[in-house]
Amino acid sequence: MNILVCVKRVPDIGAKIELTEDRQGIVTKNLGFTVSPHEECAVEEAVQIRDSQGGNTFVLTLGPGAADEQLRDALALGIDEGILLKAEGGEWDPGETARAIVEAVQAKQQEGTSFDLLLFGNESGDTVDAQVAVRVAEALDMPCLSGLKDLEIADGKAVGKRESEKGWDIFETELPAVVAVKEGINLPHFPSLRGRMKAKKKTIETLEPQRSGPQLRMLALENPPEQGKQVEMLGKGPEAAPTVVEVLKSLEVL
Amino acid sequence: MILGLIEHDLGKLNEFSLQMLSFARQAAEQLGLPLSLAVIGENGGDAVEQIKAYGPTSLHWIRHERLQDYAPEGWAASLLQVIRAKEPHLVLAGSTDKGNEVMAHVAARAGLPMAANCLQIEQDDPFRITRQRWGGSLLEHAEVQGEPKLLTVAQYAFEAAEPLQGGATEVETFTPSFEDRDFRVRFLGREETASEGVTLKNAPVVVGGGRGVGSEEGYSVLEELAEQLGGVVGGSRVATNNGWRPHADQIGSTGNRIAPELYIACGISGAIQHLVGCKGAKRIMVINKDPEAPFFSKADYGVIGDLHEVIPAIVEEIKQRG
């Protein structure tokens, strides 16, 4: 079984987003980078499936050269090989991103590696476009299961559960398939020192996809208006308890 | 025209579709276009009956013997055929799992862009929108090319639409045609989770714990406070990643979005990941030993102190007052 998992490098923003002066991006000079929680789970899922069923795992990202950091993180968690689609410059829209991924998948296929499973996070943490997995599936003429918090791969089939208002909806499809997962599907490991050492020796292949131009074009970013809340401090330590209880009463929750 | 996709669960209207309908009504007025709605599936009869009263200009019930259960590509193929037949300028759905999935399939098949989590149409030509990034912690102004425009509407940004007085639209049946590949994803069934009354989604009070709780056992004081207030306990991503709480209890952009009367956040610093999950709360009380915790600036009430001392004192005070 060959599995490809796709991730996106995003800043680890913490409690506040500061925009660049031209409002085209986020000031990242004091920030670390990561991938979205859904994607951390996609990586973990790929490793778990490989460990139980055998085969090869690949991690792919489209991003700047520095995104090899996110590939190395995935390699440290046990993914076998990396693919970097180098995309310097402005943002790629979901359609462009999907096209570049599809071309990379087809190139791998021509080299003799075809994927049984393509794993994605359900949506990226930053742009939250919620569509790259579906676009890749359509272009490769594969079925797509999305929003999964449970996945079983067996007998050439993928069976997954998605949260609904009333519980879990269960879907099934044949492999090869595209699957977009959500956090909660597993509990990702942290990379071990040994994993980090091993990752240094693993291969990252770099490709430079051609841009076709965005159809969804970001013009500018903006911080949403502040809610203008004024916090009322109720005290320090256990001595604040009587005041807290008064507030609970005034809010009619007691 | 504007075409809105109304989601339903066995005929029950989806609340995010009704929020989308509020956006759609505004857009119809802004662009001077009639508003059409579409309901997909043989089991959508109840939804069709209910949505009539919302008074769209036209209402399409997409029916076919293969449209029994939800099938992402079956729904997308249906919607795309209605789009080709009716030629709307704008197609809308709620930004839900199904809404985004169906619209993404339509977009891919039609070679069009799709903008998720939209808040506003800024102007028509060129077509510009405002949409959410980072779960609403950042706004993006963007241009959407191609025709029609495919948008999904951000959750909780609009009140649910109300029915119109005297609204009663004629229902037009639309019969799509399919290829087998439209049903490659099969719905196998549903596992209903036992609803135990108060949950994170409907609790009037939620007590949340983060890094400051320190352990799985540390949550017992939070449980006790929640019990006194008729509420439930949730956790930050730190709590679920450490295995202190199950992921189902997570409050955050990749967990639950909560909207209680009061949210009491204990030992949580206030990362955006978490704030996205609790911004629907009417009031927020933050208990944190770090006076510099960014969460205080988003709170209505604050207590500086160690939650392991403050919460037992609050519980004790409540008990004393009977």
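Along each principal axis, taking the top coordinate minus the bottom one, the Cα set of region B:101-241 gives 56, 41, 38 Å in descending order. Annotation: amide H-H contacts under 5 Å for B:L188 (H modelled 1.01 Å from N, sequence separation of 5 or more, or interchain): A:I170, A:F171, A:E172.
In nm², what is the average projected area of the convex hull enclosing the Cα atoms of chain A?
Values: hull surface 75.2 nm².
Average of the hull's projected areas for chain A equals 18.8 nm².
Taking 7 Å steps out from each Cα toward its Cβ at B:T175 and A:M197 produces label points 7.0 nm apart.
Return the lysines within reach of B:K279: Cα separation strictly under 16 angstrom, same-chain partners fewer than 8 residues apart disregarded; answer none if there are no such residues. Counting by Cα, and skipping residues close in sequence, B:K279 has these lysines nearby: A:K16, A:K229, B:K201, B:K298.
Pop the C-beta distance of A:E69 and B:Q26 into the FRET formula with R0 = 45 Å and round what comes out to the nearest 0.05. Can you show the working numbers first?
On the way: r = 43 Å, r/R0 = 0.96.
It comes to 0.55.
Result for chain B in a Gaussian network model with C-alpha springs under 10 Å: among B:I62, B:I304, B:I287, the largest mean-square fluctuation is at B:I304.
Near A:L19, the amide H atoms lying under 5 Å from its own belong to A:V27; only residues 5 or more places off or on other chains count, and H is placed 1.01 Å from N.
Summarised as an ellipsoid, region B:36-170 has semi-axes of 25, 19, 15 Å, derived from the eigenvalues of the Cα gyration tensor scaled by 5 and square-rooted, with the largest first.
I need the Kirkwood Rh of chain B: take the reciprocal of the average 1/r across all distinct C-alpha pairs and report it in angstrom. Write out the running numbers ahead of the final one.
Details: mean 1/r = 0.0461 Å⁻¹.
Hydrodynamic radius (Kirkwood, Cα only) of chain B equals 21.7 Å.
Computed from the alpha carbon atoms alone, the convex hull of region B:181-305 holds 132 Å³ per residue. Grouping the Cα pair distances of region B:72-119 into 5 Å bins from zero gives a pair-distance distribution of 5, 23, 35, 27, 9, 1 percent in increasing distance order.
Just the Kirkwood number for region B:128-211, please: inverse of mean 1/r across all distinct Cα pairs, in Å, one decimal. Please report the intermediate quantities before stating the final value.
Values: mean 1/r = 0.0509 Å⁻¹.
In region B:128-211 this quantity evaluates to 19.7 Å.
Rounded to the nearest 5, the antiparallel percentage of DSSP beta bridges internal to the protein assembly as shown is 35%. Over the C-alpha trace of region A:190-254, radius of gyration and Dmax come out as 27.0, 65 angstrom.
Take the convex hull of the alpha carbons in the protein assembly as shown; its mean projected area over all directions comes to 26.7 nm². Computed from the Cα positions only, the extents of region A:1-113 along the three principal axes stand at 48, 27, 19 Å, in decreasing order.
Taking the DSSP beta bridges in region A:1-109 as the whole, what percent of them are antiparallel, to the nearest 5? Walk me through the numbers on the way to the answer.
Working: 3 of 15 bridges.
Taking every DSSP beta bridge with both residues in region A:1-109, the antiparallel ones total about 20 percent.
Converting phi to 3J(HN,Hα) with the Karplus coefficients 6.51, -1.76 and 1.60 and the offset θ = phi - 60°, region B:199-205 yields 10, 4, 6, 10, 5, x, 10 Hz in sequence order, with x at every glycine or proline.
Using a 10 Å cut-off on Cβ atoms, rank the peptides B:270-283, B:167-180 from the highest mean neighbour count down.
Values: B:270-283: 21.2, B:167-180: 13.0.
Packing order, densest peptide first, comes out as B:270-283, B:167-180.
For every other residue with a beta carbon closer than 12 angstrom to the beta carbon of A:T97, add +1 if it is Lys or Arg and -1 if Asp or Glu, then tell me the sum. Its environment carries a net charge of -1.
Seen against the Cα atoms of chain B and their longest principal axis, helix B:307-321 is set at about 80 degrees. The orientation-averaged projection of the convex hull spanning the C-alpha atoms of region B:220-292 amounts to 4.8 square nanometres.
Of all alpha-carbon pairs in region B:244-286, indicate the percentage at a distance above 14 angstrom.
Working: 401 of 903 pairs.
Considering region B:244-286, 44 percent of its Cα-Cα pairs are separated by more than 14 Å.
Of A:K249/B:K282; A:K236/B:K289; A:K182/B:K98; B:K52/B:K98, which ones are farther than 20 Å apart at the Cα? Check vs 20 Å cut-off fails for B:K52/B:K98.
Take chain B, connect every pair of alpha-carbon atoms lying under 10 Å apart with a spring to form a Gaussian network, then pick out the residue of B:G235, B:G208, B:G197 with the largest mean-square fluctuation. Highest fluctuation of the listed residues: B:G197.
For region B:11-120, GluC sites (Glu not before Pro) are listed when DSSP marks them as loop and at most 10 other Cβ atoms sit within 10 Å of their Cβ; the list is B:E65. Evaluating 6.51 cos²θ - 1.76 cosθ + 1.60 at θ = phi - 60° for every residue in region A:58-70, the Karplus couplings come out as 10, 10, 10, 9, 10, x, x, x, 5, 5, 5, 4, 5 Hz, glycine and proline recorded as x.
The H on the amide N of B:L138, modeled in the peptide plane, is under 5 Å from the matching H of B:R133, each at least 5 residues off or on a different chain. Near A:K166, once Lys and Arg are set to +1 and Asp and Glu to -1 for all other residues with Cβ below 11 Å from its Cβ, the sum equals -4. Using only the alpha-carbon atoms, how far is helix A:94-110 inclined from the longest principal axis of chain A? Give it as 0 to 90 degrees, nearest 10. Roughly 30 degrees, rounded to the nearest 10. Where does helix A:241-250 land angle-wise versus the long Cα axis of chain A, in degrees 0 to 90, nearest 10? The answer is roughly 80 degrees. Once you place label points 7 Å from the Cα toward the Cβ at A:Q53 and A:K16, how far apart are they in nm? A separation of 4.7 nm, rounded to one decimal place. Other residues lying with their Cβ under 11 Å from the Cβ of B:R128 contribute a combined charge of -2, Lys and Arg counting +1, Asp and Glu -1.
Using a Förster distance of 25 angstrom, determine the FRET efficiency expected from the C-beta separation of B:T199 and B:E162, and round it to 0.05. Don't skip to the answer; put the middle values down first.
Details: r = 26 Å, r/R0 = 1.05.
According to the calculation, E is roughly 0.45.
Coordinate-derived values only; no laboratory data. The structure presented is a predicted model; accordingly, all values stated were derived computationally and were not measured. Glycine also receives a Cβ, built like all others from the backbone with ideal geometry; neighbour counts cover every protein chain displayed.
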